[in-house]
1. By per-residue mean of other Cβ atoms within 10 Å, what is the highest-first order of 13-20, 222-229?
2. Based on the Cβ-Cβ distance from ALA162 to HIS292, what FRET efficiency comes out when R0 is 45 Å, to the nearest 0.05?
3. Which order do the peptides 4-11, 69-76 take when ranked by the mean count of other beta-carbon atoms within 10 Å per residue, highest first?
4. Give the calculated FRET efficiency between GLU14 and ALA218 to the nearest 0.05, with a Förster radius of 22 Å applied to their Cβ-Cβ distance.
5. Less than 12 Å Cβ to Cβ from GLU219, Lys/Arg counted +1 and Asp/Glu -1: what total charge do the surrounding residues give?
6. Which far-off residues, 5 or more places away or on another chain, put their amide H under 5 Å from the one on PHE251, with H placed in the peptide plane?
7. Rounded to whole Hz and in sequence order, give me ³J(HN,Hα) for the stretch 244-249 from the Karplus expression 6.51 cos²θ - 1.76 cosθ + 1.60, θ = phi - 60°, writing x for Gly and Pro.
8. Residues with beta-carbon under 14 Å from that of GLU40, excluding GLU40: net charge, scoring Lys, Arg +1 and Asp, Glu -1?
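Derivation of every value follows stated rules applied to the coordinates shown; laboratory data play no part. Everything quoted here is computed from the prediction, not taken from an experiment. Reconstructed Cβ throughout: ideal geometry from the backbone, glycine too, with neighbour counts over all protein chains shown.
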Amino acid sequence: MIPDYQSLMRPVLEHAAKGEVRISDLIGTISVELGLSETESAELLPSGKQTIIANRIHWAKTYLKQAGFVASTRRGHFVITDRGREALANPSTRIDNQLLKQFSEFQAFQGRSAERPIDSGAAVQVESPAVTPDEALRNAHRRIQESLAVDLIDRVRIASPAFFEVLIVNLLLAMGYGGSSEEAGRALGRSGDDGIDGVIDQDPLGVDQVYIQAKRYAEGNTVGAGAIRDFFGGLSLKRASKGIFVTTSTFSPSAVETARGLGSRIVLIDGVQLARLMIRYNVGCRDEEILHLKKVDEDFFDTDL
């Protein structure tokens, strides 16, 4: 029998305690340790695109990361943290959602649904009996979107500056900015910094251009007002009327206030908004399964026949 994702948290953490772990390798290893049959190991989700055991191990790792028990190192790899080692120290401690809820990071992860209802949802919720089935389904969808957003930004942060450049180009193209991918690539120039700086056409003819500054910052490395003023100065030198400042972290209140004081010339996109745009325009993610909610067509039955 395939364990639920909470039961898989301890095995995932135990392997991370041995050294850097590659999530794709871990799936096969844990499957063998659990004694899963070939049928169980190959059992797929209804979408037919991922095995159940892989899905549950990924969710276990995602929640452990949100509670600070593991940390990403590079693409698809992670290690245990000191907090994770403390949790493993007592063999009788059950590592599950109740334990994770003790930590502020996980609480914040759960609370984002109240702050950003468009792209978030609590990581773990027990639906009220008053919630209708369709409401429960939508709540579950929001939780999945939130976890996806976190995973996307984590992967962007550990990627190379060149990859970040490609990401920004693809996102702008997906959002409807002009030019082909090749032309957009030429328009963006690497700055040799952690981010990229450049310009992209807002229309196919290049009549209107938007200047971009992007900072691939780690979580907690907030963009301050000084960076906004520097970007504004660069726009002035180029006599540009529009600018987009993208970061994988956040903007300080003073940075937001500075940008607001400059009018509509500079648009700020933080990590949460970047992930939301990536999900909305299918950049770095794809549709796995589409569910159609249907209801009775009252007009069809409203007949005298």
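1. Packing proxy ranking, top to bottom: 222-229, 13-20.
2. Values: r = 40 Å, r/R0 = 0.88.
Efficiency, from the Cβ-Cβ distance: 0.70.
3. Working: 4-11: 19.4, 69-76: 17.0.
Top to bottom by mean Cβ count within 10 Å: 4-11, 69-76.
4. On the way: r = 27 Å, r/R0 = 1.23.
Once the sixth-power term is evaluated, E becomes 0.25.
5. Numbers: positive: LYS65, ARG157, ARG216; negative: GLU105, ASP154, ASP270.
Residues near GLU219 contribute 0 overall.
6. Long-range HN contacts for PHE251: VAL223.
7. Here the 3J(HN,Hα) series is 10, 10, 10, 9, 8, 10 Hz.
8. Working: positive: ARG56; negative: ASP4, GLU33, GLU38, GLU43.
Net of charged neighbours comes to -3.
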